[in-house]
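Each remark here refers to the structure printed beneath this line.
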Amino acid sequence: MKKVLAALLLACLVMFSGPMAFASADKPLAGQTISIFIAATGIDEIMAEFTKDTGIKVNYLNMSSGEVLTRLRAAKGKVLADAWFSGGVDSYVEAAREGFLEPYISPESEKIPAEYKDPDGYWTGLSVCAVDFLINKDVMKEKGLPMPKSWADLGKPEYKGEILMSNPAISGTNYSVLFHLIQIFGEEQGWEYINKLDSNIPFYTKRGAAPPNKASLGEVAIGIDPYDCGVKLIEQGYPVVSIFPEEGTPGFISPIAIMKGAKNMEAAKAFVDWCLSKRGQEVQMAHTAKVGTRPDADVPEYLRGLKEAKIVVVDAVKSGEMRKSIIERWQKEFGSKAEQ
């Protein structure tokens, strides 16, 4: 009898213990393949764990959220993918408004605070990331530049030609920067500051990862950095440090969503469920340097700096509503310096 009880206890432990919960469950969708848009780092490792847990394979195309939105508009209703993983929430808000997304409220989203999800289920926040300055110590020393501590510092003339930022019309991360600057400085002073910042930027890169990469190689002193890129470069031993601006920095929600008319709808829902689960969020935090939205998910030690930074989470709805007018003005005044 004791052996039977021990066996039952072991079975229960295996069935309900974190990572093993998915591994031991049935895999009715095993063998199916979903296609997704992605804007994230560490994606191969994350998708490998998803496939291991569910048996569902993933084909993905990695591109900025603004590029995804442009493709959806150009496709005029043709289904391009089953799901969309990470990127800037402003593009998801617009995509939902324009009818490109399928509403789905995952049972796993019950654990996620209301401020991180759309009430109608068009998107749900996976994680929160922030923007920092990735600064090359060698370049700063060689050129005798003071270490910047704030957004205001980046507008000073001594940094002329030494700052890179990616194109906010393409990068959801850098659109969040524009939105944040206008919020903290006000409409008029915010645009005045953006004009000063532009004076120090030689050109705007197409990819969000380019500014931190170029700063790490010493091509410029400072890259405006999605934290998940810079923290990996520091780990790899490049002569760079991360500084969060003292006025606060935008924390942007990276969501997940299902595409309208997804060809593999059930597998897409299983993908969303897994990504929002405790297991899925802990896998993502291990590989993407973004803090998960589930309070019960364990945050790894290397993300403690992000968790303790002064982060102002961007209002997703207001950010999405203002995106068109902000991007149109930015393109008119500064877009000629955007990398093609």
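The values are calculated or read from the model by the stated rules, or taken from the named source; none is laboratory data. This is a predicted model, so every value here is computed, not measured. FYI the Cβ positions are ideal-geometry reconstructions off the backbone, even for glycines, and counts take in every protein chain you see. With ligands, DNA and RNA removed, areas are computed over all heavy atoms of the protein, side chains included. Shrake-Rupley method; radii C 1.70, N 1.55, O 1.52, S 1.80 Å.
Of all residues in the range 238-253, those that are open to solvent by less than 10 Å² (accessible area, probe 1.4 Å) and either touching a Gly at 6+ places or on another chain (Cβ under 9 Å) or without any contact (Cβ under 8 Å) to a residue 12 or more places away in the chain (or both) total 3. For the range 126-146, residues that are modelled with pLDDT of 95 or more, surrounded by 19 or more Cβ atoms within 10 Å (Cβ to Cβ) and either among the acidic types (Asp, Glu) or within 20 Å of the chain's Cα centre (by Cα) (or both) total 2.
Here Ile311 fulfils each of the conditions (1) open to solvent by 20 Å² or more (accessible area, probe 1.4 Å); (2) among the aliphatic types (A, V, I, L, M); (3) over 19 Å from the mean Cα position of the chain (by Cα); (4) under 27 Å from Val220 (Cβ atoms) apart from (3).
A search for C-beta distances below 7 Å between a residue of the range 128-142 that is among the acidic types (Asp, Glu) and any residue that is open to solvent by 10 Å² or more (accessible area, probe 1.4 Å), counting only pairs 6+ apart in sequence or on different chains, returns Asp132/Tyr227; Asp132/Ser242; Asp132/Ile243; Asp132/Phe244; Asp138/Gly218; Asp138/Pro239.
Which residue out of Phe50, Phe85, Phe100, Phe22 is in contact with a Lys or Arg (Cβ under 8 Å, 6 or more places away or on another chain), of a type in the set (Phe, Trp, Tyr) and either at pLDDT 90 or above or closer than 26 Å to Val231 by Cβ (or both)? Answer to the check: Phe100.
Annotation note: Cβ proximity below 6 Å between a residue of the range 198-214 that is within 19 Å of Lys160 (Cα to Cα) and a residue that is of a type in the set (Phe, Trp, Tyr) (sequence gap 6+ or interchain) occurs for Asp198/Phe334; Asn200/Tyr159. For the range 260-276, the candidate set comprises residues that are in a loop (DSSP other than H, G, I, E, B) and of a type outside the set (A, V, I, L, M, F, W, C); within that set, the residue that is farthest from Ala286 (Cα to Cα) is Gly261.
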